[in-house]
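Structure record follows, encoded as structure tokens.
The values are calculated or read from the model by the stated rules, or taken from the named source; none is laboratory data. This is a predicted model, so every value here is computed, not measured. Reconstructed Cβ throughout: ideal geometry from the backbone, glycine too, with neighbour counts over all protein chains shown.
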């Protein structure tokens, strides 16, 4: 049997040779006289030259190395395992002549051993992304997109609010005049009594309503086009941390205005065409004199299916406007670019778009509803004006006061809607095309991307 330390835990029974497995003490000298036969087992109180271990042993885990000088044929015992190395001696660790010798153990490598970070500190992850402007140059979360839109409005408030106020003012004046001079008379003349209305009266009322809604939609769409054109340029410069005036934004965006109008007109026609195509079978069945109930049900189902397809197409081409503005693409290429960027992220784009729309509508309602209530009270007609229960007649005082509230709400929400659209476009390009490298170079960030860390553990 050799004296090599084993793996038995201290405190186990002595071996047949009188030595504990795993003990690191020296062997007996070879020239020491001893009995020829087997050594008798000592009793608990036995004392004498043959006794090697005391009867009273320390508890397990508290053994100390026996004193003595190793023999000439013995290798010195290895150091006890340190808490950080699992019983293995690290390269370059302390030897017999090192600090503390073998009895002091090994407490682990010093800070920076091997050129790495200090042990026990862990890996702090990749360095933070550069942020020259309103967003960090990396894939964005939903909160960062919304915060970037608000930060753009707060940082460049002169340009942003000036543009929004001008667009909203022109829009609200047009809507007030349209409703005061045209829509009120049309709606009043088309007021129907459900018990005595004839089919001709129903068709005339429907025609007037469609015309009025179409005019309002055209005015609102024109305002959105101008706001998108100007605010897209400002938001793209805000990402780089570069200011831009209203005049600079207009000069940079003006060449793209005709194509943007054509793009929005085409998208509107596509959405309207899909809905009309869905309703067409039921409408033809009603006109042909078939079952009225069956035709009505078929038309409703067709409109519902067309609306679902229209929503899918609207989200698919949601990023076409910023692609056209920032990449100077044609209408067809901007639509294909949007489809490529949205592919695989349809639900994410839809969710962010829906959330931004809800926030904008809530903010607008919180501002506009109190003005509408005040206008209804000042006009003298009470809640009838507010709810439109008087056959379509609305007083001028109500229209003007309500228009002021709508003006303030639109001024605050237009930058949010346009900013979210632009930042979502930038985020999709960062995720798919590493646009952050180009943005960093454009912003003047030094050595961006040259010392990028490796992949995260588990990624």
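The figures follow:
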item: Residue within the stretch 386-396 that is modelled with pLDDT under 85, outside any loop (DSSP other than H, G, I, E, B) and under 28 Å from residue 165 (Cβ atoms) present; result: yes
item: Long-range neighbours under 9 Å by Cβ, at least six apart or interchain, first residue free of Cβ contacts under 8 Å to residues at least 40 places away in the same chain within the stretch 250-269, second outside any helix (DSSP H, G or I) and surrounded by 13 or more Cβ atoms within 10 Å (Cβ to Cβ); result: 252/244
item: Residue in the stretch 298-318 that is outside any helix (DSSP H, G or I) and closer than 30 Å to residue 420 by Cβ present; result: yes
item: Among residues of the stretch 233-259, those that are crowded, with 18+ Cβ neighbours inside 10 Å and over 24 Å from residue 146 (Cα atoms), counted; result: 2
item: From the options 175, 165, residue that is crowded, with 16+ Cβ neighbours inside 10 Å, modelled with pLDDT of 90 or more and assigned to a helix (DSSP H, G or I); result: 165
item: Residue within the stretch 213-236 that is in a loop (DSSP other than H, G, I, E, B), touching a residue at least 60 places away in the same chain (Cβ under 8 Å), in contact with a helix residue (DSSP H, G or I) (Cβ under 7 Å, 6 or more places away or on another chain) and within 30 Å of residue 160 (Cβ to Cβ) present; result: no
item: Condition broken by residue 444, with the remaining ones in (1) over 25 Å from residue 344 (Cα atoms); (2) surrounded by 20 or more Cβ atoms within 10 Å (Cβ to Cβ) satisfied; result: (2)
